[in-house]
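Data block below; observations after.
Read-outs: derived from the displayed coordinates by stated rules, not from any lab. What you see is a predicted model, and the numbers here were worked out from it, not measured in a lab. In this analysis, Cβ positions are derived from the backbone assuming ideal geometry, glycine residues included, and neighbour counts consider all displayed protein chains.
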Amino acid sequence: MIKKNIKRYVNKAILLIALFSFILSFAQQEQGIININTQNGHPVKVGASGFNVRIADKSWNYTHPDFRETVHQLKPGWLRYFSGTMGDAFSSATGQYDIDYAMMFNHSKQYLKGYRFTEVKGPHRIIDLYDLLSEINGKLIVTVNGFSETPEMTKELARFCKNNNIEVATWQFCNEPYFYVPHRGLYWWNNGYDYAAKMKPHADAIREVFPDAYLALNCTWDGIWGFMKEINQYQKEHGAYWNVFSKHSYAPHTGKKESLDEAYRRGNSKILEATSPKAMQEIEDYTWENVPMVITEFGVWNTPLNGIYSSIYNIEYVMRQLQHTNTWYIGAHEISSKFQPKKNINKQIEEAYQNGTILKTDSISTGIKKTLEGKAYEIFHNVTNHTDFVFESTVVNGFNAPGMKNTNKVGFYSQAYRGINGYNYLVFTNRTSQSKDFTINVDGKLLNRKIETQFIHADSLQVQNTDIINKVCKNGSLNIPAYSVTVAKWKSKSVVKPLSPVVYKGEVKKSGIKLTWGAVENANSYMVSYGKSINDLNHKLKVRKGTSVEINNLENGEEYYFRMLAKNKLGESEYSNHIKLKFDKPNTPDIFKTSRRNNTATVFWKSVANTTAYKLKYINTKTSQENIIDVNNVYGYRVEGLAYDVVYQFSVAAYNGFGVGEYSKPVRLILSEKVPLSPRNVSAIRNQEGNVLVKWITQNDVDSETTYNVYRGEKLHHYSKIAEGINASSYIDTTAIKDKVYYYTVKAETSAGESNFYPNSATLIDVKETSSVRIDKVEKQKDGYLFYVSYNNVLLDGEYSYGLKIENISYLTVEEQLLNGVDLHTTDKTFKVFISNSELTKKSKYAVKAFIKTNGKSIYSKLPNKTIVTD
């Protein structure tokens, strides 16, 4: 009896222990803990988070009051000039689109819209964007248009920046060059190696002006490692002339339509992949260890995820990239999609262009519509603009979320920051429907103080917009709601010296020189130092209020150097950038390039220092009528409303507070309606015999009698004419020397002369390999496409595979598919591949190449690739 009772009591005890263990385990699972270690971590750039800017084909300009208010409210740490894809046909000299640039591209429609919009709204000048950035103490990243502009133009952009004291945080070469390659039917560069080679002259042009410039090749988009590996090959052979790595990232993007659940799972998986240590290791494998990283575009680009999920994703993506010690700047696409014009005036702009009427768009109030993505950034930038250090932190019992292929993924991220304004910060993103309370420990102790929070959250993924909520937490406890971005801050004991100020502008006035700088956090005064020598800034001026000062009592005709620092009770900042200005009229600019299109003439000049703006004078030599236009501060201007077959004389002068300088030596132009457009998409492929087939797409709309001249050079942008008067779309160069590398381009010609610009420079492609794979025939069938492939001199050794690699090139997708072949015959050396319609997206264009993988080597069919267009 006693034994039975003992046994019963033991069983009860075991049950109670098991129950207690379960309860404890459950409690631990529910109780979240955030541990912050302020003794460890790494520095980050103040203002690391910013935006791409795409507003050229929309309602706003840099000078529109509502856009300026948008920038002030979102407070990006930096902005990008000029845009992404829309920058490929944009002229930084004029701040407008150029028709000749636009027509170099197959997809010119968007650029022609940009032409119409900037024609009505006015130019999008770099000086205006930089002026706006000065109001928020923001940085500037410039994407060089290496597509339609030459290194000569790039040098003048750099010169303009120097002459106007524009600090460029990073120069990036081209927007998404990896989509303009032969396997997509485009020949701007043959591969990543060729792209790197073609950007070298642009880099040299910038370094001639700014020897210490930060330069970045645009190396990859998530998944395009091949292009980056080819850049790495250039680096191995020639060394890296660039010192920054840059990329774009749309990790959850897919060319297929997805349900919300599919997109959600994809987003949860891809954000971890794209920001992982493994992804960074791949970057460093093809660059170098600890290479500085700049991302000028990222987003979800997957429609079902728009709203609360994309808002969370954006913030978490930035934080996860900031975990890497080499991350500099991370920019979302794009600012006017975060805060949008409430009133769309696009139709009015189009009508004004069509009717030739003036529409002062800056005076039309559009209002501001705040999207949820924008609200997330509004609270997040309060952190990134006020921090210079990421603390080490860990989370216990966070959230899990479903991933692709039924996997279980981490569904949250948390990051803590040291503030430079008397606060420390914590940001927590939650991509799940779960909610939980978290205890915050700092250096092993409960954060038992007032915690101010701002957050956005939603009950479901379908939520498109909601409000920012403010809440105060105590006792070291923080609730993280479902689908949320939470920003928490608390007062810290550490107050730091102010950061170095940035002098954004120096203006020569009649009475003195005015300096303007960005407001510095925690500064209570500024000290300006100046003098006639950079090594002897013996004059000091203290400024207690404001962010500008005019310095008087300067000597006429003398050159002065300026720099400054910020002060607070803890000490002084490091010195700012120095600027140099001459207290005199500006020098005379030189006109270096002109172009003609319809009734317009565009004049480009070399900018000069100490300039407020420029005046352009043109004279109709037939009537002697003289016109002088104030063209603002630019280095190019398009004059409109001119007559055909009349000689015009153009000259330009710079002015400042002292007055107008001397006008430049005049240049003469005669406008004609027969000025031809450049051809498009020049390619050059050398065959086995050594002859080079140069091909291009003709553009004869201006004049049906257009002919073409072929140019060749052994050095980029140094070409000699080798053929002229060609009335066709190709030319065979039989004079090319074997094994020599050549560059080709083509200009159009009519009775009015040659086209204004040459299009892409085509690097010679050699067809040398004796082994070959070739697509002989494509047969369209009811349920798909049948490809007939042959091969020659290919040894099928050991395990081998064969088939097709296809890629949808209708738009910016990077998904490649491998399809296996059938019916391989070793006697006649052929095989077939069938592509079912179910594998293809409707109304899409695909690039197709055949392959054989054998003996550890992949052999692909030669360029140009075959293409198919689906119904």
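Across the alpha-carbon set of the range 590-670, the Rg to Rh ratio works out to 0.96, Rh being the Kirkwood radius.
Sorted on the mean count of surrounding Cβ atoms within 10 Å across their residues, most packed first, peptides 142-148, 324-330 read 142-148, 324-330. Rounded to the nearest Å, what's the spacing between the alpha carbon centres of the range 783-855 and the range 366-418? Just the number, please. Taking the Cα centre of the range 366-418 as reference, the centre of the range 783-855 is 42 Å away. Here the residues Y317, Y250, ranked from fewest to most Cβ neighbours within 10 Å of their Cβ, fall in the order Y250, Y317.
Within a straight-line Cα-Cα reach of under 18 Å, K747 can be paired with the following lysines, leaving aside sequence neighbours fewer than 8 residues apart in one chain: K593, K674, K695, K715, K721. Translational diffusion of the range 772-869, estimated by Stokes-Einstein from the Kirkwood radius over alpha carbon pairs at 20 °C in a medium of 1.002 mPa s, is 155 µm² per second.
Cross-link partners of K832 among lysines, defined as those whose alpha carbon lies under 19 angstrom from its own and excluding same-chain residues fewer than eight positions apart: K777, K780, K782, K805, K849, K853, K862, K866. Site pair D459 and A728 shows an inter-label distance of 7.2 nm when each label is modelled 7 Å from Cα along Cα→Cβ. Among L359, L215, the order by Cβ neighbours within 10 angstrom, fewest to most, reads L359, L215.
Can you check what the net charge comes to around V427, using other residues whose Cβ is under 10 Å from the Cβ of V427 (Lys, Arg +1; Asp, Glu -1)? The answer is 0. Shown here for the range 617-669: trypsin sites (Lys or Arg not before Pro) in loop regions (DSSP other than H, G, I, E, B) with at most 16 other Cβ atoms within 10 Å, namely K622. Here the gap between N837 and V822, fully extended at 0.36 nm per residue and compared with their Cα-Cα distance, gives a gain of 3.6 nm. Working note: 222 nm ellipticity from helices only, DSSP H runs with n ≥ 4, each -39,500 (n - 2.57), summed and divided by the residues of the chain, gives -6500 deg cm²/dmol to the nearest 500.
Going from the fewest other Cβ atoms within 10 Å to the most, the residues H539, H381 appear in the order H539, H381. Given that just one value was derived from the coordinates, which of (1) 47.7; (2) 39.8; (3) 54.2 is mean projected area of the Cα convex hull in nm²? Step by step, mean projected area of the Cα convex hull in nm² for this structure corresponds to label (1). Of the trypsin sites (Lys or Arg not before Pro) in the range 679-766, which ones lie in a loop per DSSP and count no more than 13 other C-beta atoms within 10 Å? Those that pass, being in a loop and sparsely packed, are K738, K740. Only one residue of I469, T296, G546 has its Cα farthest out toward the positive end of the dipole of the chain, where Lys and Arg carry +1 and Asp and Glu -1 on Cβ, and that residue is I469. May I ask you to list the GluC sites (Glu not before Pro) in the range 225-326 that are in a DSSP loop and have at most 10 other Cβ atoms within 10 Å of their Cβ? Those that pass, being in a loop and sparsely packed, are E289.
Our summary gives the range 772-869 a relative contact order of 33 percent, counting only alpha carbon pairs under 8 angstrom and 6 or more residues apart. Net charge around Y234, counting only other residues with Cβ within less than 14 Å of its Cβ (Lys, Arg = +1; Asp, Glu = -1)? Taking every other residue near Y234 into account, the sum is +1. For the residue pairs K113/K342; K545/K569; K580/K617, the C-alpha atoms sit more than 18 angstrom apart in K113/K342; K580/K617.
Among the listed pairs K139/K278; K75/K542; K45/K514; K45/K510, those whose Cα-Cα separation exceeds 32 Å are K45/K510.
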